[in-house]
1. For the range 203-230, what are the residues that are more than 24 Å from Arg124 (Cα to Cα) and β-branched (Val, Ile, Thr)?
2. Can you list residue pairs whose Cβ atoms sit under 7 Å apart, with the first residue in the range 267-283 being touching a residue at least 60 places away in the same chain (Cβ under 8 Å) and the second being surrounded by 19 or more Cβ atoms within 10 Å (Cβ to Cβ) and of a type in the set (Phe, Trp, Tyr)? Count only pairs 6 or more apart in sequence or on different chains.
3. Quick one: in the range 193-202, which of the residues that are surrounded by 19 or more Cβ atoms within 10 Å (Cβ to Cβ) and in contact with a strand residue (DSSP E or B) (Cβ under 8 Å, 6 or more places away or on another chain) is farthest from Val126 (Cα to Cα)?
4. Can you pull out the residues in the range 1-56 that are in a strand (DSSP E or B), touching a residue at least 24 places away in the same chain (Cβ under 8 Å) and surrounded by fewer than 17 Cβ atoms within 10 Å (Cβ to Cβ)?
5. Which of the residues belonging to the range 136-167 are touching a Ser or Thr at 6+ places or on another chain (Cβ under 8 Å) and of a type outside the set (Val, Ile, Thr)?
6. What single numbered condition from (1) touching a Gly at 6+ places or on another chain (Cβ under 9 Å); (2) touching a residue at least 60 places away in the same chain (Cβ under 8 Å); (3) part of a helix (DSSP H, G or I) fails to hold for Glu128?
Amino acid sequence: MISGVRVVVAGSSGLIGTALVADLRHAGHEVLRLVRRTPAAPDERGWDPPAGRIDDGTFDGVDAVINLNGAGIGDRPWSGARKQQLRDSRTVPTDVLAGAVAEHGVASLLNASGINFYGDTGSRVVDESAPVGAGFLAELCRDWEVATAPAAAAGARVVLMRSCVVLSPAGGLLGRLRPLFSLMLGGRLGSGRQAFPWISLDDEVGAMRFLVEHPDVRGPVNLAGPEPVTNAEFTAALAAVLNRPALLTVPALALRAVLGQAAEEMILTGPLAVPAVLQEHGYEFRHRTVTDALSAAVDR
């Protein structure tokens, strides 16, 4: 375990990035934030991914780069243009950062990816040794990870952080579901038998810091709770935590009508993934069950 690391974070303004920056600083690490505008604070550095530009001196003395870039996946249907935007918003910044890591000899690149790398696994439990699955999201995650190749080729430690649904009190999926359950309009989605990988915000951020501080970990790492559940089990847990019934069912047909392919790959199917690498290296989860994670988020 190492301490006092100098870290560059790209994508620091979102839900996860904001929490991660605060957590890293609380742990004694120095954080520089990449911004796509004129820097307005001492800890900011400017960059323009489409132009391949990053401010001079950004990587001086830097030990690790964390890349959290990527446009929102589930906020609209996937037209051809939207799919390209989703791909470009991930692969272009990753390619730029991987090249910079290689050029400046940065020791580590921790790059965001998605748990949907594995596609739909049904009831089959998968860990980081599983191959890429089928579908748009799986291909997107694969291409996202491939864009880190220049950093790996230069000898940098590359960590591929395959994240899933993050349960946060500040927003995200839980922020959208909680009002529905409070109005007794909550329920399972489709059959409810599909896998629903989850992780608490505390463990999402804690795992990322763990990966910064443990240079012996490299390659794919599942950022997911240690006890995976189905959508029906998640729904029941949320209803219990909120003390509300979950009597309704949102038909698969309705979800497909609204979100199309996005519903099929994000909501109606999923990977039953476990965090084998984190557990093997001794990461201690703050929230081991979905009920613990939901209770912590709701109580804040």
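We did not get these values from a lab; they are worked out from the coordinates using the rules stated. These numbers come from a predicted model, not from an experiment. Using ideal geometry, Cβ is built from the backbone for each residue, glycine included, and neighbour counts are taken over all protein chains shown.
1. Val205, Val212, Val217
2. Gly270/Phe196; Pro271/Tyr118; Ala273/Tyr118
3. Here the answer is Leu201.
4. Arg6, Glu30 - these are the residues of the range 1-56 that are in a strand (DSSP E or B), touching a residue at least 24 places away in the same chain (Cβ under 8 Å) and surrounded by fewer than 17 Cβ atoms within 10 Å (Cβ to Cβ).
5. Residues satisfying the conditions are Cys141, Asp143, Trp144, Glu145, Ala147, Ala156, Arg157, Leu160, Met161, Arg162, Ser163, Leu167.
6. (3)
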